[in-house]
Amino acid sequence: MKHLVTGFIAAAILATGAHAQQNIVVGHALSPSSHYGVGAQAFIDTLTELSGGTFTGEQAPAGQLGGERDMIEGLQIGSLDLVVTSTGPLGNFVPEVFALDLPFLFRDYDHARATLDGEIGQELLAKIGENNLVGLAWSENGFRHVTNSQRAVRTPEDLAGLKLRTMENKVHMTAFSGMGASPTPMAFPELFTALQQGVVDGQENPVTVITASKFWEVQKHVSLTGHVYSPAVVLASPVLFDGLSDEQKGWFMEASKASAAATRAEVNRLEEAGVALLRENGMEVITDIDKAPFAALAEASYSVYTDQYGTEMVDRIKAVK
Ligand code: PAF
């Protein structure tokens, strides 16, 4: 009798496909060889290994599934499984996350990583979880710098009148208005052509992205302004994640941590090697930048966040050692 019951259960599991293999698509904006691509592949490899092949995965790179905002919407409705995205458009869905996009807030990579790996990072992942998304781990894009086709930018005066593509993020847009540029929000997949056709003069992104996107083909000058730290996050669809067993959820969490670690290692490597690569490809790299006047003008953007949430989170982030 006992064998008969076990047999029925096994047959039922097979019939419902509970042990069937599932392929997870990981969407992101950049090439498979970029820091996001390296992180996406680490996620896939770790998940496949931990699950003994129950889960496999593939990348949907280079914005194949749309801009980051579109991909986040896809997660919410369950048309996408998993996305590695910057926080650029995420504040539109989870406004508390705007705190991380405030300019000149993080001192350096150690400060940013310690914040995201600590209590604050966990709190913000939980906030993401309250907005029909699953925040699995903090990954990384990097400190952002300004590139343009017109002139060497050393001071805020040099930004005056430059049409600068920003992410669809009101903190960034307010900061660049304050610093004197004309911010033009645009989804990343449209950016290269917009730079090529002169729809915008410049853009801002980390060295990781400038190199991965070969922006030297359409931009002459890069100023290492480091005006904002750009976190990335591994997000899953609740439609997928809520249907997993606890063990499977654990595999996804582990795979996300492996993804973030691989991405950060690649950011480290490119921060070292990337600037030389920009020069080799003909860009003028401006390093002698006094950040203080930029920071003073960008400060107006803090109110986008603090008017709603006060200054407590900003003070807590500044206090992280
Ligand atoms: O500029 C952006 O939109 C983002 O930095 C990018 C390149 C999509 C990476 O998250």
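Taking the range 304-319 only, how many residues are surrounded by fewer than 17 Cβ atoms within 10 Å (Cβ to Cβ) and either within 23 Å of residue 205 (Cα to Cα) or of a type in the set (A, V, I, L, M) (or both)? Steps first, please.
Residues of the range 304-319 that are surrounded by fewer than 17 Cβ atoms within 10 Å (Cβ to Cβ), as a first pass: 306-312, 314-316, 318-319.
Remaining after also requiring either within 23 Å of residue 205 (Cα to Cα) or of a type in the set (A, V, I, L, M) (or both): 314, 318-319.
Summing the residues that are surrounded by fewer than 17 Cβ atoms within 10 Å (Cβ to Cβ) and either within 23 Å of residue 205 (Cα to Cα) or of a type in the set (A, V, I, L, M) (or both) in the range 304-319 gives 3.
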*helices (runs of 4 or more DSSP H) within the range 188-255 that include 3 or more residues buried (at least 24 other Cβ atoms within 10 Å of the Cβ) and on the phi < 0 side of the Ramachandran plot*: 207-212
_Considering residues of the range 226-240 that are closer than 20 Å to residue 40 by Cβ and hydroxyl-bearing (Ser, Thr, Tyr) only, the residue farthest from the ligand (Cβ to nearest atom)_ = 237
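For residue 176, indicate whether it is crowded, with 21+ Cβ neighbours inside 10 Å, modelled with pLDDT of 95 or more, under 27 Å from residue 93 (Cα atoms) and more than 14 Å from the chain's Cα centre (by Cα).
Details: crowded, with 21+ Cβ neighbours inside 10 Å: yes; modelled with pLDDT of 95 or more: yes; under 27 Å from residue 93 (Cα atoms): yes; more than 14 Å from the chain's Cα centre (by Cα): yes.
Against the criterion (crowded, with 21+ Cβ neighbours inside 10 Å, modelled with pLDDT of 95 or more, under 27 Å from residue 93 (Cα atoms) and more than 14 Å from the chain's Cα centre (by Cα)), residue 176 qualifies.
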*Between a first residue in the range 73-87 that is free of Cβ contacts under 8 Å to residues at least 40 places away in the same chain and a second residue that is crowded, with 24+ Cβ neighbours inside 10 Å, which pairs have beta carbons less than 9 Å apart while being 6 or more apart in sequence or on different chains?*
73/80
_Of everything in the range 286-321, what is more than 20 Å from residue 115 (Cβ to Cβ) and over 24 Å from the mean Cα position of the chain (by Cα)? Give them in sequence order._
286, 287, 288, 289, 290, 292, 293, 296, 297, 307
_Let me spell it out: the conditions are (1) within 14 Å of the ligand (Cβ to nearest atom); (2) surrounded by fewer than 24 Cβ atoms within 10 Å (Cβ to Cβ); (3) farther than 21 Å from residue 69 by Cα, and residue 160 meets all of them except one. Which number is the exception?_
(1)
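Got a sec? Which of 292, 265 is away from the ligand (no atom under 16 Å from the Cβ), farther than 17 Å from residue 139 by Cα and small (Gly, Ala, Ser)? Talk me through it step by step, then tell me what you get.
Numbers: 265 fails: farther than 17 Å from residue 139 by Cα.
Selected residue: 292, the only one of 292, 265 that is away from the ligand (no atom under 16 Å from the Cβ), farther than 17 Å from residue 139 by Cα and small (Gly, Ala, Ser).
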*Which of the residues spanning the range 283-320 are touching a strand residue (DSSP E or B) at 6+ places or on another chain (Cβ under 9 Å) and assigned to a helix (DSSP H, G or I)?*
291, 294, 295, 298
*Out of the residues in the range 170-187 that are within 11 Å of the ligand (Cβ to nearest atom) and in a loop (DSSP other than H, G, I, E, B), which is farthest from residue 139 (Cα to Cα)?*
186
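The values are calculated or read from the model by the stated rules, or taken from the named source; none is laboratory data. Note that the structure is predicted; figures quoted are calculated from it, not measured. Here Cβ is always computed from backbone atoms with ideal geometry, including for glycine, and neighbour counts include all displayed protein chains.
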